[in-house]
Amino acid sequence: MVKCNMTYQGGLHCQLQHGPSGATIYTDAPVDNHGKGESFSPTDLMCSAMAACMATIMGIYADKEGLNLNGTTIEVGKEMSANPRRIARIETVISLPLPANTPHKAALEQCVLGSPAMLSLHPDIEVPITWNWLG
C-alpha cells in the first residue's frame, strides 16, 4: 500500500506528500469556492490525475508495442455542479502523435476507458472524450 500525507496549512491551502518519493504538491481552494486559486484545487488535481492515469496506461501499452507516444497531450476541462457541489463533467481532449488509421487505435482507446482512474469515477460524472490523431 502506498501512503501519502496531507498537511492543512491554513487559508484553504494543503500540502500533499508522496510517501515513497517525498515529492510534494500543493492545493488551494478555487476562487469560486472561497479560495485564491493559487494552485490546483483538489478537484482540479483529481481531473489531472485522471489524465495522467490515462496517459500512463497508454504508455504501458505503447512500451509493449514499441510505439512512441512522446508528445501526447491530454487537456481536461472540469465542470462543477452546485447542489451537491461535485464534479459533474470532465471534458477530455486527447492528442496523440499517431495517424487516425493506426492499427493500435482501438487498443489505445480501450487503455483510456479501462484506466484505473476512469474506472474509479462515479458513474454520474460525464467524461466526453475527443480524440485528435496527429500523425
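The values are calculated or read from the model by the stated rules, or taken from the named source; none is laboratory data. From a predicted model like this one, the values you see are computed outputs, not experimental measurements. Glycine also receives a Cβ, built like all others from the backbone with ideal geometry; neighbour counts cover every protein chain displayed. Keep in mind that these areas ignore ligands, DNA and RNA; they rest on the heavy atoms of the full protein, side chains included. Shrake-Rupley method; radii C 1.70, N 1.55, O 1.52, S 1.80 Å.
So which residues in the range 1-15 are in a strand (DSSP E or B) and either surrounded by fewer than 16 Cβ atoms within 10 Å (Cβ to Cβ) or among the basic types (Lys, Arg) (or both), if there are any at all?
Result: 4, 5, 6, 7, 8, 9, 10, 15.
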Quiz item: Tell me, which strands (runs of 3 or more DSSP E) lie completely within the range 33-135 with 1 or more residues that are within 26 Å of residue 13 (Cβ to Cβ) and open to solvent by 60 Å² or more (accessible area, probe 1.4 Å)?
Solution: 73-82, 85-96
Quiz prompt | Meets criteria (modelled with pLDDT of 95 or more, closer than 26 Å to residue 93 by Cα, of a type in the set (S, T, N, Q) and not in a strand (DSSP E or B)) for residue 27 | solution = no
Practice problem: Looking at (1) under 13 Å from residue 130 (Cα atoms); (2) modelled with pLDDT under 95, find the lone condition where residue 82 falls short. | Solution: (1)
Quiz item: Pairs, please: C-beta under 9 Å, at least 6 apart or cross-chain, first residue in contact (Cβ under 8 Å) with a residue 60 or more places away in the chain and in the range 32-51, second open to solvent by 60 Å² or more (accessible area, probe 1.4 Å) and of a type outside the set (D, E, K, R)?
Solution: 50/120
Practice problem: Return the only residue of 46, 58, 54 being of a type outside the set (Phe, Trp, Tyr) and out of contact with any Cys (no Cβ under 9 Å at 6 or more places or on another chain). | Solution: 46
Self-check item: So residue 18, is it surrounded by 13 or more Cβ atoms within 10 Å (Cβ to Cβ), on the phi < 0 side of the Ramachandran plot and over 20 Å from the mean Cα position of the chain (by Cα)
Solution: no
